Amino acid sequence: MSKIENQPFQARWPMIVFLSYAHILAIVGISYVKVCKWQTIVLSLVLGFWSGIGVTGGAHRLWAHRSYKAHWTVSTFLML
């Protein structure tokens, strides 16, 4: 048996509180969508898309796993 299997489960309460709070705020934020201008919704969708590209392509694959090598301009773009 490995060491991990022998350890009892310990809840990480700061993370549980943070994630719960973030999801509650997201649910509350959905109620404000009907009052937003269409430009705000478009901007949030565009920013969400490019943030996802930066996180998955940059911070996760490029820097965490070093899955590929990128030109310095691509690294800078993903960093922003």
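Per-structure values
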quantity	calculated
Accessible-area value, Phe77, 1.4 Å probe, nucleic acids and ligands omitted, Å²	120
Computed [θ] at 222 nm, deg cm²/dmol, the chain (DSSP H ≥ 4; -39,500 (n - 2.57); rounded to nearest 500)	-17500 deg cm²/dmol
Ser67 accessible area, assembled protein chains, probe 1.4 Å, Å²	80
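The values are calculated or read from the model by the stated rules, or taken from the named source; none is laboratory data. Everything numeric here is computed off the predicted structure, so don't read it as measured data. Just the protein is used for accessible areas: all its heavy atoms, side chains included, with ligands, DNA and RNA removed. Shrake-Rupley method; radii C 1.70, N 1.55, O 1.52, S 1.80 Å.
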